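Have a look at the structure below before the remarks.
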2 protein chains.
Amino acid sequence: MAKQTPGGYNGRILRANLSDNSISVEATDELFCRKYLGGAGFVTYFLWKELRQGIDPLGSDNKLIFALGPLTGGSLPGGGRNCVGAKSPLTGGIAKSEVGGFWGAELKRAGYDAIIVEGKAEKPVYLWIHDGEASIRDASHLWGRKTKETQQAIRAELGDNRIRVAVIGPAGENLVRYACIMNGLYDAAGRGGLGAVAGSKNLKAIGVRGHQAPQVAEPGCVKELREWLLANMRLVRDFHEFGTGEAMGGFESTGNLPVRNFRDGLFPGVKVIDAQAVKDTIRVGMEACFGCPIRCKKVVQVEEPYPVDPAYGGPEYETLAALGSNCGIDNLKAIAKGNELCGAYSLDTISTGGVIAFAMECFERGLLSTRDTNGIELRFGNDEAMLEVIELIAKREGIGDLLGEGTARAAQRIGKGAQEFTMQVKGLEAGMHEPRAKPGLGLGYMVNPHGADHCCNIHDTMYVKGWPLKELRPFGLLEPVPLDDIGPRKVALFRLIQLKQIVFDCLVLCSFFPYSYQQVADVVAAVTGWDTGVMEQLRVAERVLTMARLFNIREGFTAADDTLPLRFFQPKTDGALADKPLNPTELERAKSYYYTLMGWDARTGIPTPEKLEELDIT
Amino acid sequence: MAKQTPGGYNGRILRANLSDNSISVEATDELFCRKYLGGAGFVTYFLWKELRQGIDPLGSDNKLIFALGPLTGGSLPGGGRNCVGAKSPLTGGIAKSEVGGFWGAELKRAGYDAIIVEGKAEKPVYLWIHDGEASIRDASHLWGRKTKETQQAIRAELGDNRIRVAVIGPAGENLVRYACIMNGLYDAAGRGGLGAVAGSKNLKAIGVRGHQAPQVAEPGCVKELREWLLANMRLVRDFHEFGTGEAMGGFESTGNLPVRNFRDGLFPGVKVIDAQAVKDTIRVGMEACFGCPIRCKKVVQVEEPYPVDPAYGGPEYETLAALGSNCGIDNLKAIAKGNELCGAYSLDTISTGGVIAFAMECFERGLLSTRDTNGIELRFGNDEAMLEVIELIAKREGIGDLLGEGTARAAQRIGKGAQEFTMQVKGLEAGMHEPRAKPGLGLGYMVNPHGADHCCNIHDTMYVKGWPLKELRPFGLLEPVPLDDIGPRKVALFRLIQLKQIVFDCLVLCSFFPYSYQQVADVVAAVTGWDTGVMEQLRVAERVLTMARLFNIREGFTAADDTLPLRFFQPKTDGALADKPLNPTELERAKSYYYTLMGWDARTGIPTPEKLEELDIT
């Protein structure tokens, strides 16, 4: 391999084998960096190349991969994130999740672009990486502790309060299939059960500390884009002022807010759980990820009826909806408490809310009874029950053991048609966005390799008016695509947005930033020194997405897995979508056209040999 | 339609109906300009929209369309060209041809972006357009005259020596199916028989004169790119010094030079007919198109054995090969004379050379005899015969009447297996480039809507090393595609190059300029004021190419017409390609993948309804 390291990269990957307690460092070459960029690209590459078909996601053969991009830890706002990936214990397919905070930027300064964790430690361990050095350390004394205590203990024992920690709580240790990995206490690599993979390896945490960022080719361009952002903060004003969730009222009135397991539309309580309500009642501050002027992270504090520790930040929109409206709960303090518990135990709030909403519906329909629920009246709107069940899930006790398996597996065990009420794709509980309101997003839920993921997706509403539309003009998309269109123009638009999102995920750039395709390509060129452009960036995304698809196909996924829960093809019980189910034929047609645009077989969704050769995937 | 006219456009199209002697002016709107750009885009749009299926290309229902782009007549070198199109009397499909000189720039100053000529005049006419005014004038006195005399007469009778004239000679009047339209005396809209369409309408010429170029949004960017070019003239040094044809020796040694109807490889005489030989023997000057610093136009003069008038310039590479090596002729003076005759009569030199080479092979094989040829010994290498036959073709006399129908029709009339020796696709005689040496170009010959066109095509050799490769890096094509590769990577590369060429053809930019995709997109944005980019430009090209395909499908073309002459699947008799035939299975596979990449059915090549909707083609 060529030794030249492009700007923005350390050119080094750390490999830690927990089975034999060994650590090694591998150099990356420039062509590899350019073909996969970093983040989701690196994660997907190594999972595709290094995992064998059919391995147990919770066994020692799985690998847990952390990766940065060339912009990570630099001075461009939105670049403090990292990607984490593994074979998912929830879906059995590929899992990858991007996460904010400070950990990614710190790892960059510690001298690595990625970490590959292999094998399984005999006893609990944590990784400690500082300024190029790495060691595997005993974590027996940390096992069973919540994330906050763990972070405190690691900082204390290493004597540095600025160590950044990626960490799991008891939910990860107990192999809850949707346990997350926390970067510090606010930020989760949430989706797909990566915390369970860490737990299965007896990996409690990775602490990082570093002081040396790699050189970039032309720092001027990064500075310029940062200044552009600061001059255009109006574009992100809502995020700045409220964080996510300010628009929940509008979501409810348009039917986009999930209510009671995506069944209902109306939810008057929305006004007491939205971000405005958070601000007016329990918010005590706003925090930021590394180098971010948006500062979208709510910090909340509650004293009674139960304390909510502000150390765990506050609920994002996804959490407000998942533990709130989707469980029929309009008690904001309870939602905040649930958020704190998920952070402390390392539970994905979306899947947690999704599985509880599912259980509530099963309970109300008589598919579960108090005999199954440890006596809990697990009904929509029961906030106490929600909090109790989160505790049980994290500990895998009673009903929590069943629900810790995730919605799809729980439904199989419950039987009696419970499957009908699982709002998941490929096993991943749906994000808090409604395909009946956003059909393009529905297509994304269907085809995303990770399942019903709202991040790597289009939000159709954004492309009816406003600045995101303007950004499409340089692509020749000169006219808005109607909100409820799911024809070829929407499919092509979805694909473009999805590919852009994957570019962001490879760079591990935050999606909340209104950087255009061109701005991103220019800044990548400037940082790396490559003569790259928008088309190359999209081609990288195409390569990465196709590789993720190959991963799933290797694991037995077919086009039949690219589907939506039945409920989305039925109208909501009330509200704006009470007469607007999705049309399954239209969605299938859209899926087929999407396959075609991707160079995958229109019927099977299998990438053609020609496309693989063209993309240089071997 | 919105009235706003983007920078670089006049916003006006002239429609002249020769049947009823009427002239009208139509406004274009901005969306139309942006979706089709101009040049080949406008031509294709109007042919698709306005022609009925099955019309006689030489009847009054055909339309002859001239179109400019937003850069035409501006200060960017390479922007003096225009596109001409019609239903082709040679292929029965769409014909479009780009042509240099000064006519296009002058039409822009005369106030129009395009001219649509309809109907058929009772008696010969010419169009006279000056500073927004247009009239149809009698041309009875010009009929039968050569192009030079016609141009002189029009300038004289209108009293302005700076009038630019697009004109046909007797070959156009006599409906030779590959008659061209000359812009002045050096430059031909050569391919597809557009001169015959003019002749069929009794249209002898279009004279233009104007003084007012439209505004451009940001002139600075054009100036900058012009300065970049002037600072990088080394990239076009060969064109500047020799015009085309300097590399003919190299072509011969690699097998890329067509020799004796593409049959043979070796041609030692190449060294006395190449551009170096032209320079050393008969060249008396170099001329330029509008605003062009390259000045690639040879001017030659010969006194004996026959005079060659320098007014007609000199032979380009295509002519040197078509009338030279491909006819087995190594007499440079004869080639220069042939070039002059083609200019004077308005004959496409490529098709003329192609049909003569075909006839020579038929003669040598006994499929034609002196009884058919007016006694001419029509053998390879017989330069006198070549010149005699050109005269006969232009006048449609004797053997010239048969050969004036083009190779494919002539072969049908000759019968006896003559078809095997027709080096044409869809009826268009192949450019002077060898698919056995450049398989990507072979694919282009197959699938180009216009037939075996070398312009809208890849030249595989350019993408093995050198600056064109560098230009592909921003697209993520980081490694050269081997010369003889015809797999998916070459197909994707071909498509990208083809689409770029169509962008150039819509802008009617000269292909000899080493402007990158990005530079062109930037200058279009600057001139028009649009927030456009590379992706939109390529999307326009995709739209235009798909529309051209629809035109051909409407006329009955199928995937079976996307094929190559049998000879290309056989080795050459000698030289570097004596053991290198193309593989028909590989080419068919490449064709199918090309269809797929275009969003056309992989088997039939018919654009899918989804692709049409996505591209907004109705």
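Please list, in order along the range A:339-346, the HN-Hα scalar couplings obtained from phi with the Karplus expression 6.51 cos²θ - 1.76 cosθ + 1.60 (θ = phi - 60°), rounded to whole Hz, x for Gly and Pro.
Whole-Hz 3J(HN,Hα) from phi for the range A:339-346: 4, 4, 4, 4, x, 5, 8, 6.
Can you sort B:445, B:463 so the residue with the fewest Cβ neighbours within 10 Å comes first?
Working: B:445 29, B:463 24.
Fewest-to-most ranking of B:445, B:463: B:463, B:445.
For peptide B:466-474, what's the mean number of Cβ atoms from other chains within 10 Å of each residue's Cβ?
Counting Cβ atoms of other protein chains within 10 Å of each residue's Cβ and averaging gives 2.
Answer rounded, prolate or oblate for chain B, using the Cα gyration tensor with square roots of eigenvalues a ≥ b ≥ c: rounded when a/c is under 1.5, else prolate when a/b is larger than b/c, else oblate.
Rounded.
With +1 on each Lys and Arg Cβ and -1 on each Asp and Glu Cβ, and nothing else charged, work out how big the dipole of the protein assembly as shown is about its Cα centre, in Debye to the nearest 20.
On the way: 140 positive and 152 negative charges, 7 e Å.
Value, rounded to 20: 40 debye.
Mind listing the phi-derived Karplus ³J(HN,Hα) values for the range B:245-257, rounded to whole Hz, using 6.51, -1.76 and 1.60 with θ = phi - 60°, and x for any glycine or proline?
Values, residue by residue: x, 5, 8, 4, x, x, 4, 5, 5, 9, x, 7, 7 Hz.
Report the net charge of residues surrounding residue A:317, where surrounding means a beta-carbon distance below 9 angstrom and charges are Lys +1, Arg +1, Asp -1, Glu -1.
-4
Using amide H atoms built 1.01 Å from N in the peptide plane, name the residues 5+ places from residue B:298, or on other chains, whose amide H lies under 5 Å from its own.
B:287, B:314
Sum -39500 (n - 2.57) across every DSSP H segment of at least 4 residues in the protein assembly as shown, then divide by the residue count to get the 222 nm mean residue ellipticity, nearest 500. List each step's numbers first, then the result.
On the way: 44 runs with 454 residues, N = 1236.
My calculation for the protein assembly as shown gives -11000 deg cm²/dmol from helical runs alone.
Among rounded, prolate and oblate, which fits the range A:251-391 when a ≥ b ≥ c are the square roots of the eigenvalues of its C-alpha gyration tensor, a/c under 1.5 means rounded, and a/b larger than b/c means prolate?
prolate
Under a Cβ-only charge scheme (Lys and Arg +1, Asp and Glu -1), can you give me the dipole magnitude of chain B about the Cα centre, in debye to the nearest 20? Intermediate values should be presented prior to the final figure.
Numbers: 70 positive and 76 negative charges, 86 e Å.
Here chain B has a charge dipole of around 420 debye.
With charges set only on the Cβ (+1 for Lys and Arg, -1 for Asp and Glu), what does the dipole of the range A:319-434 come to about its Cα centre, in debye to the nearest 20? Mind dumping the intermediate values first?
Details: 11 positive and 17 negative charges, 58 e Å.
Approximately 280 debye in magnitude.
Which of B:612, B:127 has the fewest other C-beta atoms within 10 Å, and how do the rest follow up to the most?
Least to most surrounded, the residues fall as B:612, B:127.
Once both labels are modelled 7 Å past Cα along the beta-carbon direction, what's the residue B:397-residue B:55 spacing in nm?
Output for this residue pair reads 3.4 nm.
Pull out a ≥ b ≥ c, the square roots of the eigenvalues of the alpha-carbon gyration tensor of the range B:503-588, then state rounded if a/c is under 1.5, prolate if not and a/b is larger than b/c, and oblate in the remaining case.
Oblate, since a/c reaches 1.5 and b/c is not below a/b.
Calculate, in whole percent, how much of the Cα-Cα pair population of the protein assembly as shown lies beyond 57 Å.
28 percent
Cut-off is 10 Å between beta-carbons; in what order do A:81, A:436 appear when sorted fewest neighbours first?
In increasing order of surrounding Cβ atoms, one gets A:436, A:81.
P(r) of the range B:1-90 in 10 Å steps, Cα pairs, percent per bin?
Bins of 10 Å from zero give 15, 44, 31, 9, 0 percent of pairs.
Cross-link candidates for residue A:333: which aspartates and glutamates have Cα within less than 18 Å, leaving aside residues fewer than 8 places away along the same chain?
Excluding near neighbours in sequence, the set is A:246, A:274, A:280, A:303, A:304, A:309, A:316, A:318, A:383, A:384, A:388, A:391.
Pairs A:87/A:426; A:223/B:470; A:223/A:470; A:395/A:426; B:426/B:572: which exceed 18 Å Cα-Cα? All intermediate terms of the calculation are to be shown ahead of the outcome.
Details: A:87/A:426 13 Å; A:223/B:470 27 Å; A:223/A:470 23 Å; A:395/A:426 25 Å; B:426/B:572 22 Å.
Listed pairs above 18 Å: A:223/B:470; A:223/A:470; A:395/A:426; B:426/B:572.
Read the figures in this text as sums done on the coordinates, not as results from a lab. Computed from a prediction, not measured in an experiment: that's the story for all the values here. Every residue, glycine as well, gets a Cβ built from its backbone with ideal geometry; the counts of neighbours run over all protein chains shown.
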